[in-house]
1. Only loop residues by DSSP count here, and only those with at most 12 other Cβ atoms within 10 Å; note down the trypsin sites (Lys or Arg not before Pro) in the range 53-115 that meet that.
2. Cα convex hull of the chain: mean projected area in nm², to one decimal?
3. Can you give the local net charge around L11? Use residues other than it whose beta-carbon is closer than 12 angstrom to its beta-carbon, Lys and Arg +1, Asp and Glu -1.
4. Could you tell me which helices of the chain pass both thresholds, a Cα extent of 18 Å or more along their own axis and a mean Kyte-Doolittle hydropathy of at least -0.5, with helices taken as whole DSSP H runs?
5. Run a plain Debye calculation on the range 130-184 (Cα atoms as equal point scatterers, no solvent) and give log10 I(q)/I(0) at q = 0.18, 0.20, 0.30 Å⁻¹, rounded to two decimals, same order as the q list.
6. Return the calculated 222 nm mean residue ellipticity for the chain, to the nearest 500 deg cm²/dmol, obtained by summing -39500 (n - 2.57) across DSSP H runs with n ≥ 4 and dividing by the residue count.
7. If you bin every alpha carbon distance in the range 45-99 into 5 Å steps from zero, what whole percent lands in each bin?
8. Treating only the Cβ atoms of Lys and Arg (+1) and Asp and Glu (-1) as charged, compute the dipole magnitude of the chain about its Cα centre; round to the nearest 20 debye.
Amino acid sequence: MKKGSGRFISLEGGEGAGKSTQAKALAFALEAKGYTVTVTREPGGTASAEIIRGLLLNGAEEKWHIRTEALLFAASRAEHCAKLIRPALARGEWVVSDRFIDSNRAYQSVNGELTDDEILDLHRVGSENLMPDRTFILDVPEEVSAKRAAARDRGGSDRIGRRNSEYHRAVLAKFRNFAENEPERIRLINASQGPDIVTDSLIESLSDLMK
Ligand code: T5A
């Protein structure tokens, strides 16, 4: 069943905040309301973008310079937007993406080498500035996020997940800052609660887009 026009939702937050869990649960809840939903993720989402994901997330920390890393995330997103997200939206579907541009803005700017404007410039060139209609930052205290990430990874996190706690704390501060500065698009969600309660909060915060 298909209803209304397509909407683009992204889920953001630190490692193990529950984004993948909520992407599936949100899609299920939207489908129950009669929407057709495509669930996807970044980096990745298409066959070629998943190859870039492997390049980015496997291997040693020093494998990529931070500028190369930012470009590769932008390249993966360009593929994802052109081949999966835009076509799905054009068909009138809802798209729920586990991470998108705000992860790029948060993770690749914390060391100060790249500015937010530079990362947004890459997005303008690569993805013609496609922005989500709504972005949820799943906010959990550091200790909860660490526990959930450990349960998920069983000890082996990826190249970026392995960065130290100071780095991840700075990423979380960036996300909270985005929500404060862009309140219309970006909503901070308390994701420490049980999964069903979190999904209910997401659905409630989408009511204006469902009209
Ligand atoms: N990255 C990404 C960048 O640096 N720049 C970019 O531009 C982009 C797009 C890969 C890495 O790439 C970086 C960020 C990352 O370091 P990823 O694969 O999304 O990105 O990495 P993670 O954030 O680590 O991804 P996950 O998607 O695996 O974690 P989630 O989705 O946040 O957590 P989830 O849902 O898998 O849950 C983790 C555990 O917690 C439980 C789950 O059952 C699971 O065991 N859980 C809950 N438990 C209790 N209550 C709840 N509400 C729960 N929700 C989930």
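The values are calculated or read from the model by the stated rules, or taken from the named source; none is laboratory data. As the structure is a prediction and not an experimental result, all values here were calculated from the model. Every residue, glycine as well, gets a Cβ built from its backbone with ideal geometry; the counts of neighbours run over all protein chains shown. Keep in mind that these areas ignore ligands, DNA and RNA; they rest on the heavy atoms of the full protein, side chains included. Shrake-Rupley method; radii C 1.70, N 1.55, O 1.52, S 1.80 Å.
1. Those that pass, being in a loop and sparsely packed, are R91.
2. Its average projected convex-hull area is 11.0 nm².
3. Summing Lys/Arg as +1 and Asp/Glu as -1 gives +1.
4. 19-32, 66-80
5. For the range 130-184, the Cα-only Debye profile gives -0.73, -0.85, -1.24.
6. After summing the helix terms and dividing by residue count, I get -15000 deg cm²/dmol.
7. Calculated P(r), rounded to whole percents: 4, 19, 25, 21, 15, 8, 5, 2, 0.
8. 660
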